[in-house]
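The values are calculated or read from the model by the stated rules, or taken from the named source; none is laboratory data. None of these values were measured; they are calculated from a predicted model. So basically every Cβ, Gly included, is an ideal-geometry build from the backbone, and we count neighbours across all protein chains shown. The accessibility values were calculated without ligands, DNA or RNA, using every heavy atom of the protein model including side chains. Shrake-Rupley method; radii C 1.70, N 1.55, O 1.52, S 1.80 Å.
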Amino acid sequence: MSKTLVIVESPTKAKKISEYLGDDVVVEASMGHIRDLPRSAKEIPAKYKDEEWATLGVNVDAGFEPIYVIAPNRRENIKKLKKAADEATQIYLATDEDREGEAIAWHLVEVLKPKVPVRRMVFHEITESAIRQAFENPRDIDERLVDAQEARRILDRLYGYEVSPVLWKKVATGLSAGRVQSVAVRIVVERERERMAFRSASYWDIVGRFAKEGDPATFDASLASIDGERVATGRDFDSKGNVATGVVRLDEEAATQLARALEGAEFVVRSVDTKPYTRKPYAPFRTSTLQMEAGRKLRFSSSRTMSVAQRLYENGYITYMRTDSVTLSTEAITEARNQIQRLFGADYVPDSPRVYGNRAKNAQEAHEAIRPAGETWRTPEQVAREVGSDEARLYELIWKRTLASQMPDARGESVTVRLGGVASDGRDAEFTASGRTITFPGFLKVYVESSDDPDAETDDQESILPPLAEGDPLEVLSLDPTGHETQPPRRYSEASLVQRLEELGVGRPSTYASILTTIQDRGYVWKKGGVLVPTFTAFAVVTLLEQHFPNLVDYAFTARMEDDLDAIAAGEEQRVPWLTRFYLGAEGLRQTVRNKLGDIDARAVNSIPIGEDDQGRQIVVRVGRYGPYLERGEDRASIPDDLPPDELTVERATKLLDEGSRGGKILGTDPETGLPVLARTGRFGPYVQLGEQEEGSKEKPKRASLFKGMDIDSLSLDDALRLLSLPRVVGKDPDGVEILALNGRYGPYIQRGDDRRSLESEEQIFTITVEEALALLAEPPRRRGQSRQSAARELGSDPTTGKKITVRSGRYGPYVTDGEVNASLRKGDDPETIDLDRALELLAARRERLGK
């Protein structure tokens, strides 16, 4: 009897596809990649261990032949797939339609070695019609795509394995370099350098409130020019605070004087300029724009966006989510137009379908934009009844964007009004006011794109001015001098970093989520309020690469590598000659690393100058084995972990160094021991200490961290003694076991033996009673294996799986878990304040790294 075996990547996908193909077809999952280059020395096959190139996993002396090994956690599944292949009469490989999917299909053939016909089955949505059509129209494996994926994998291995050891020797162990990763870190570091070099400038203008005589409606206008010379605005200043020539810069005194001189002046409308306003709809989503908008609108990280999109795709709700294309199929356009007609009427259906051109140079990832799946699209309300909260919100975003892409332009009018008056001192002052009205919303009825700038006007924002005509007299209601400060360039969010990488042509959309996860996991950047902050370690790594391997972090060079890899995929370039040029020869990476290694001054690359103090002494940040620290001559001081580089000013650094050199601030004397009580700042923040460590003694003085609401500058002796009194003995339980109340690195808690429970506030440390402590220790009951962990704080339920998400404190620090996957908190995350959304982000990133 004929039996067909279909192999896909995931069990979810397998379950869904098997529903469409009937009982004669067996659908199995490969569980992602089944083999890869060896990740450690123990994975290298014995016959290659003595080869010079063995650690690379690539035979660079024989055509860059890769050595593939089967991952230990895939062996059992491969046995199952081999058994299924032996029982099949034909095999269909239905892995994803991009490079990675093509490579997985090729590896399956190489490992399973089937004796029956093997065909490649591709689709970009999991619906019955799409699956049946793909099943009936298979093709062969595309060797060019496989070659391109293999070239990328080998290139990334050569880059990482040659450059990372340089970072271990010259910066710190455990660091990594990567073709796209290192460029992404450079972009974030460059922005921080700009912020550090930025000098703020102040400027003033006047905001007036006016009304047309006899009209109750009011409007605001800003001072634009004085005697025909334009008044300076923020865009007229450079990063050093210098103002451009040809403009008038007002300070507070000048603005105030002019406002007074304009009191009683007669103002009239001098001109009214009206122009038509048109805004075209945005293209449907591709991978990068989906990540950007989900970050801005839903506050999803890139990894969380892709994880949610993967679930929507595998369950048949959207098309394939890794794509550079903004093209919609004829059937999709027809369905979009039908839904628009049904929901909004004929006025919102343009005369002809809209067609979008692909902006990406090599839109190769898939054949269509990300859109709702199927010939008839479900509404967001229907989907919300079937999926979790994250999936429903992302589906709604995709559905709205797709509909909007096939709707008419938004139309309206924009108006610029100039009005002026003559001051009592004879100066002519001209003000401007701008307005916008939308007469036909078009696509804006469905979708408005967001911005990373919270002050930016959105496309649907209206500012309505009263009807005004040239010569109209105006009533002056107020004239308010207003001060402004120029702002440093905004740090990158995940969304804007993805946008920047795409603009530069660095990396591909399918890799952006994993790159963002990697640079955070490696300790190069951390999140603060949704933006990416580089660490001083990132500064050192970028400095080393810029000075000694500039090509490797050069934007144009990296973009050209992407183009070359795409040329390999298109058959226009051969893999082996290209890799030979990159890696071997006098100018190749291998020889370059060997030539440069001895030239790298570790102290120089690990030094970030901050400036001079008021005595002319240089202050420098040094990146050491155990993290960054400040240095000024012989003085050293720790840098708080949560201090962004641009906030480490000369003044702040001087304060930290002075505290360190003085041994900290002396608060007074402990009445019981007679020892001095000191307040200091260390790597993990401010703390108090009782006395100094005696020379030759191994016993360290008692220390206690400050509570979150405390400030080292206003700390009193009583506060310090109260902190040093901890741990507090609350009492004993009925069995005579002592209960302690303590303040730890991750917050306040009580402890009885190895059993711990978090407290709601630090003040509870001093107020909790034995009865309250026993009640807290009684619930929630501890599960086996948790005796050395603090009690879990429940954050809520995963909207997809329903599993409870908790934050816990483990042996290696705080982490979040859903009971199956654990994800460590990152720098900038606080276990006491972390919320469900952030926990889901961390878990999504961890699942992606684990391949789950």
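Worth a mention:
- Rolling a 1.4 Å probe over the protein heavy atoms gives the stretch 206-269 an accessible area of 54 Å² per residue.
- Over 18 Å (Cα to Cα) - which of Lys170/Lys596; Lys16/Lys113; Lys169/Lys827 fall in this group: Lys16/Lys113; Lys169/Lys827
- Sorted on the mean count of surrounding Cβ atoms within 10 Å across their residues, most packed first, peptides 424-433, 531-540, 607-616 read 531-540, 424-433, 607-616.
- Apportionment of accessible area to carbon and sulfur, the chain, percent (1.4 Å): 46
- q = 0.05 Å⁻¹, the chain: log10 I(q)/I(0) [Debye, one scatterer per Cα]: -0.38
- Highest-first packing order for the peptide set 295-308, 30-43 is 295-308, 30-43, based on the mean count of other beta carbon atoms within 10 Å.
- Under 23 Å from the Cα of Lys400 - lysines, other chains or at least 8 residues apart: Lys280, Lys297, Lys445
- Taking amide hydrogens as placed 1.01 Å from N in the peptide plane, the amide H of Val27 sits under 5 Å from those of Val6, each at least 5 positions away in sequence or on another chain.
- Rg/Rh for the stretch 240-371 stands at 1.25; both radii use Cα atoms, and Rh follows the Kirkwood definition.
- Along the stretch 435-447 the Karplus relation, 6.51 cos²θ - 1.76 cosθ + 1.60 evaluated at θ = phi - 60°, assigns HN-Hα couplings of x, 8, 10, 9, 8, 9, x, x, 5, 5, 5, 10, 8 Hz to successive residues, with x for each Gly and Pro.
- Of every Cα-Cα pair in the stretch 666-718, the percent that sits beyond 16 Å: 42
- All lysines inside 27 Å of Lys698 as judged from Cα atoms, apart from same-chain residues fewer than 8 positions distant: Lys665
- Principal semi-axes of the equivalent ellipsoid, √(5λ) from the alpha carbon gyration tensor of the stretch 4-161, are 31, 16, 13 Å from largest down.
- Spherically averaged projected area of the convex hull of Cα atoms, the stretch 37-103: 6.4 nm².
- Each Cα pair of the stretch 77-183 feeds into the Kirkwood radius, which the Stokes-Einstein equation turns, at 20 °C and 1.002 mPa s, into a diffusion coefficient of 131 µm²/s.
- q = 0.20, 0.21 Å⁻¹: log10 I(q)/I(0) that the Debye formula gives for the stretch 172-261, counting C-alpha atoms only: -1.01, -1.06
- Rg in Å to one decimal, and Dmax rounded to a whole Å, for the stretch 452-570 via C-alpha atoms: 22.8, 70
- Working note: Cα gyration tensor of the stretch 490-540, eigenvalues times five, square-rooted, sorted largest first, giving semi-axes of 18, 12, 10 Å.
- Packing-based ranking, highest mean first, of 650-656, 279-285, 95-101 given that Cβ atoms within 10 Å are counted: 95-101, 279-285, 650-656
- Of the residues Gln591, Ile70, Ala197, the one whose Cα sits farthest toward the positive end of the charge dipole of the chain, with +1 on the Cβ of Lys and Arg and -1 on the Cβ of Asp and Glu, is Ile70.
- Cα gyration tensor, the stretch 322-406 - rounded (a/c under 1.5), prolate or oblate: oblate
- Size of charge dipole - the chain - debye, nearest 20, with Cβ of Lys, Arg +1 and Asp, Glu -1, no other charges: 3520
- Three-way shape call for the stretch 554-619 based on the alpha-carbon gyration tensor, with the a/c threshold at 1.5: oblate
- For the stretch 376-487: rounded, prolate or oblate by the Cα gyration tensor [a/c cutoff 1.5]: prolate
- Length-normalised contact order of the stretch 4-128 in % [C-alpha pairs under 8 Å, at least 6 apart]: 29
- Put simply, the amide H of Ala177, placed in the peptide plane, has neighbours under 5 Å in Ser164, leaving out anything fewer than 5 places away on its chain.
- For chymotrypsin sites (Phe, Trp or Tyr not before Pro), the sites in the stretch 627-703 that DSSP calls loop and that have at most 12 other Cβ atoms within 10 Å are Phe684.
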